[in-house]
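As structure tokens, the structure follows; a few thoughts come after it.
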């Protein structure tokens, strides 16, 4: 979605003033996650009460699978975090 965002905004009548890729040390990295990243995700899962209810008996297995994926040496990033700042053109600007 991120790489398509600028074009979608322009087609919708926005003027893009900034398009920035931002670092994401919690998901967007290559290789095994740092220990502090794993700890943050473990803590985050502990607070996911609705997700725990949804998963029921599978919650622990889902959490461990996710954390194990982050800890793998062959983990590869395939996404980026984008920040796009845009303003909507006025209707009179759109008619020109």
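Just so you know, all these numbers are worked out from the coordinates, no wet-lab data involved. This is a predicted model, so every value here is computed, not measured. Reconstructed Cβ throughout: ideal geometry from the backbone, glycine too, with neighbour counts over all protein chains shown.
A few points about this structure:
- Net length gained if the chain between residue 6 and residue 54 were fully extended (0.36 nm per residue, minus Cα distance): 13.8 nm
- For segment 2-95, the relative contact order works out to 53 percent when only alpha carbon pairs closer than 8 Å and six or more residues apart are counted.
- Alpha-carbon Rg/Rh ratio, for segment 2-95, with Rh computed the Kirkwood way: 1.18
- Length released on extending from residue 81 to residue 34, taking residue separation times 0.36 nm less the Cα-Cα span: 15.0 nm
- Extension gain, residue 19 back to residue 74 (0.36 nm per residue minus Cα-Cα distance, nm): 16.9 nm
- Residue list for segment 49-72, given a label point 7 angstrom along the Cα-to-Cβ vector of residue 42 and an amide N cut-off under 17 Å: 60-72
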